[in-house]
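The values are calculated or read from the model by the stated rules, or taken from the named source; none is laboratory data. It should be emphasised that the depicted structure is a prediction, and the values quoted were computed from it without experimental measurement. Glycine gets a Cβ as well: all are built from the backbone with ideal geometry, and neighbour counts include every protein chain shown.
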Amino acid sequence: MQNVNYITAEEAVKHVEPGNRVFIHGSAATPACLVEALQKRHRELYNVELVGITMLGFVDFDKPEYRKSFYFNSLFVSAATRDVANSEDGDYVPVFLSQIPLLFRRNILPIDVALIQVSPPDEHGYCSLGASVDIAKAAVETAKHVIAQVNPLMPRTHGQGFVHISKIDAMVWHVAELPEVNYAFESNNVVKKIGLQVASLVEDGATLQMGIGNIPDQVLKNLATHKHLGIHSEMFSDGIIPLIENGVVDNSLKKINVGRSVTAFLTGTRRLYDYVNDNPGIRVMEINYVNDTSVIRQNPKVTAINSAIEIDLTGQVCSDSIGTHQYSGIGGQMDFIHGASLSEGGKPIIALPSQTNKGVSRIVPFLKQGAGVVTTRGHVHWIVTEYGVVNLFGKNLKQRAKALIQLAHPDHREMLERDYFNRFEKAFIIHP
């Protein structure tokens, strides 16, 4: 390891000045100690814009005293930023995950300071962005100042995440466990049924993309007897490890990155972070590569598994908002839905429970007022609920509506059939 002059977090964040735009590294790489040090300066800072995607760990910008100093301009809303992003002290930028690096590199959102978390430097002076390369690589390359939390518990991952210490202006040694998420604990009978339905669509030799959440994790549990699967996904979690160890995932039939699982970020438990550490079979790459449709489509049978908040009877998919309330973001869903549809034998899948925990139907006549359409009805293909599977590709509006009603919870089908009649048949009844 190279000799490095480490300083305190309080000293490091003095690089941040009023009026700056500050990037915060996301997901499991969220540099909590740097964020906390920045928050402590709130009395002397003003008009500081913060940008980033999913934040994990003890990060909270919703306190009144912080709102006077920081404006959170979220590129993907998560639990830590949801309240502030839906307030007058924050907002959300609708953007495909694959195109966020362009915002930095084309100076549309130029970065003054980047707060990142990295592994310790090796003997050549290279650190690793570890669990989150995604949009962080572009932020590091374009920021005027780079401040790094150096954490020996951050995995050193192979791929595009290496950063030389000459690029880093201030380094803070801080040992801290990475935030952990265990999707296996979030399963229930509905999720298990959906997992079986989706797994039935996965063919041997398929290249998988999994979105975030318990449904993709459940799907993976049902693939133990599959053969020669590949991974090219914006993220993955612990569920992929047994499939690699048991030879189900060998990436042997992929056309690019043959023999290697590709992702842009990792979120899971300590087991995952240890598994990917210095593992040449895992490549953690920049998001504009991983989520590039022209890259995705090259692999065979790309099976993209994503979810939604609600779907209307024509196939419009809302995945990022509940009415006008911004819940998450566009993310990479459309990147992979379109990429999978162009892949030879590909299957773009939207999988979701038929109703919410409160018994509200997720298949609806019309999206809520103000809801955002992430996947258009022109891009949608496979829809899966615990009640079945349907492929909407090539179906007209009436056929789609009838098919989706059969995927709805039985408690809501009468309501949906009534709306179907009023929309598609009532207007054509000829009265004597």
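Across region 224-248, the number of residues qualifying as in contact (Cβ under 8 Å) with a residue 40 or more places away in the chain, over 14 Å from Tyr289 (Cα atoms) and not polar (S, T, N, Q) comes to 3. When region 1-33 is filtered for residues that are assigned to a loop (DSSP other than H, G, I, E, B), of a type in the set (Ser, Thr, Tyr) and within 31 Å of the chain's Cα centre (by Cα), only Thr30 remains.
Under the condition of being part of a loop (DSSP other than H, G, I, E, B), more than 21 Å from the chain's Cα centre (by Cα) and among the hydrophobic types (A, V, I, L, M, F, W, C), the residues counted in region 331-384 number 3. Restricting the search to region 321-330, which residues are free of Cβ contacts under 8 Å to residues at least 60 places away in the same chain, under 18 Å from the mean Cα position of the chain (by Cα) and surrounded by fewer than 23 Cβ atoms within 10 Å (Cβ to Cβ)? Ile322 - this is the single residue of region 321-330 that is free of Cβ contacts under 8 Å to residues at least 60 places away in the same chain, under 18 Å from the mean Cα position of the chain (by Cα) and surrounded by fewer than 23 Cβ atoms within 10 Å (Cβ to Cβ). Just one of (1) of a type outside the set (Ser, Thr, Tyr); (2) assigned to a strand (DSSP E or B); (3) crowded, with 22+ Cβ neighbours inside 10 Å fails for Ala80. It is (2). If you take the residues of region 199-222 that are among the β-branched types (Val, Ile, Thr) and assigned to a loop (DSSP other than H, G, I, E, B), which of them is farthest from Thr267 (Cα to Cα)? Per the criteria, the residue is Val202.
Taken over region 275-296, the residue count meeting the criterion of being out of contact with any strand residue (DSSP E or B) (no Cβ under 7 Å at 6 or more places or on another chain) and either free of Cβ contacts under 8 Å to residues at least 60 places away in the same chain or in a helix (DSSP H, G or I) (or both) is 7. Scanning region 33-56 for residues that are in contact with a Pro (Cβ under 8 Å, 6 or more places away or on another chain) and either crowded, with 20+ Cβ neighbours inside 10 Å or hydrophobic (A, V, I, L, M, F, W, C) (or both) yields Leu45, Val48, Leu56. Among the residues of this structure, Val181 counts as one that is at pLDDT below 95 and β-branched (Val, Ile, Thr). Can we say Asn107 is polar (S, T, N, Q) and not in a loop (DSSP other than H, G, I, E, B)? No: the conditions fail for Asn107.
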